[in-house]
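Structure first, then comments.
The values are calculated or read from the model by the stated rules, or taken from the named source; none is laboratory data. Quick caveat, the model's predicted, so the values are computed rather than measured. Because the Cβ atoms are built from the backbone with ideal geometry, glycine has one as well, and the counts that use them run over all protein chains shown.
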Amino acid sequence: MSDFSIGVDLGGTNLRIAAIDDRGRLMEKVTFGTKTIVGRDQVLNDMCTAIRQTTAKYQTNGTLLGVGIGLPGIIDMKTGMMRESPNLPGWADYPVRAEIEKRMNTPVILENDANCAALGEKWLGAGRHVGDMLMLTLGTGVGGGIVIGGKIHHGMSGMAGEFGHMTVEPEGNPCGCGNRGCLEQYSSATAVVRMAREVIAAGEAPGLKKAASSDVEFSAKEIYNLAIQGDEGARKIFRRAGRALGIALATLINGLNLEMYVIGGGVSSAWEAFAPSIFVELRQRSMVWAATAPVDPLATPSGASAQVESVGGQQTIVTRALLGSEAGLYGAARLPIQRGC
Ligand SMILES: [Zn+2]
């Protein structure tokens, strides 16, 4: 017998639902297309039906502790409403939690998706052996989450962790948030493609130009593939992304002195291409890093965990995420388990 919870990761394109037991073992996972086109109510109904079906299968094995749902947007933690949801049209100012609880008759916890990813990596991923950590998620934008004492730090109004909008270039590229030179203007997948197009336009990157003209879906992944093949133009883009991350992390490390800083999201698969530039910046810009850096900051994640254990958490670890796109799903499932603790 083990109690379990349901984790839901509701994105702009995919809806994923998992039953996970209180020790973090995945019991079942289902994935659907979100079909935002069919509308909010249909997505909600499909989601609740799938949660009920999954729950019915396992409720003879243990008690359902609740449902945790990761959503892309700003969530009002008190009222369970979404304040802003650019990727889920029609969901803003809608009582999401109340509507799901009404349909499910079980406690529901909503959480921002980047916070869920941070909690998932803390529970079962890169941060499982450390105390406090934060995570930067490099995707279409740059999200973030802070986990202190095993729990998400929300700040006054649930908005803590917006690291993607830290200024890394005072007069830099304009950002949708109203600022200029935000981290996500240099280290997101969107930024990698934009920077590639900029150097192509400046006539500085023949390899990138050739790839962009032959590929209609010129993506960050394509640019990474060129980088690992040694294309200098592509490598430069990732060095710039790493530099911006290093500048942001230097400030975070100086300000927070946490044990671990995890880099996740799709762009983190290009870790080898940008990570060395992070450490160049950290050495130059962070006194806390200088005092606590591991001998080999580029050691593998398992090596990093071993280092943390061996020195009792006295080193600052900057490392890549381990759970990939599953992090948010595990983090969402963790929420009801945590509340029951
Ligand atoms: Zn911004």
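Structure above, values below:
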quantity	calculated
Options 259, 222, 184, 171: the member that is crowded, with 17+ Cβ neighbours inside 10 Å, charged (D, E, K, R) and within 16 Å of the ligand (Cβ to nearest atom)	184
Helices (runs of 4 or more DSSP H) (entirely within the range 184-227) containing at least 3 residues that are without any contact (Cβ under 8 Å) to a residue 40 or more places away in the chain	189-201, 206-214
Close pairs from the range 160-174: first closer than 20 Å to residue 137 by Cα, partner more than 11 Å from the ligand (Cβ to nearest atom) and polar (S, T, N, Q), Cβ under 7 Å, at least 6 apart	161/115; 166/251
Filter result for residue 155 (surrounded by fewer than 22 Cβ atoms within 10 Å (Cβ to Cβ) and on the phi > 0 side of the Ramachandran plot)	yes
In the range 198-219, the residues that are surrounded by fewer than 15 Cβ atoms within 10 Å (Cβ to Cβ) and of a type in the set (Val, Ile, Thr)	216
Selected residue (only one of 93, 76, 46, 41 is acidic (Asp, Glu) and either at positive phi or in contact with a helix residue (DSSP H, G or I) (Cβ under 8 Å, 6 or more places away or on another chain) (or both))	93
Lone qualifier among 229, 284 - being away from the ligand (no atom under 16 Å from the Cβ), closer than 30 Å to residue 130 by Cβ and loosely packed, with under 15 Cβ neighbours inside 10 Å	284
Hits in the range 87-142 (condition: surrounded by fewer than 24 Cβ atoms within 10 Å (Cβ to Cβ) and in a helix (DSSP H, G or I))	97, 98, 99, 100, 101, 102, 103, 104, 123, 124
Residues satisfying the stated conditions in the range 65-101, i.e. of a type in the set (Gly, Ala, Ser), in contact with a Lys or Arg (Cβ under 8 Å, 6 or more places away or on another chain) and closer than 21 Å to residue 14 by Cβ	68, 73, 90, 92
In the range 144-169, the residues that are modelled with pLDDT under 95 and not in a loop (DSSP other than H, G, I, E, B)	none
Spans of strands (runs of 3 or more DSSP E) in the range 36-84 with at least 1 residues closer than 15 Å to residue 7 by Cβ	64-71
Residue under evaluation residue 18, criteria (1) in contact with a Lys or Arg (Cβ under 8 Å, 6 or more places away or on another chain); (2) in a helix (DSSP H, G or I); (3) under 21 Å from residue 116 (Cα atoms); (4) not aromatic (Phe, Trp, Tyr), criterion not met	(2)
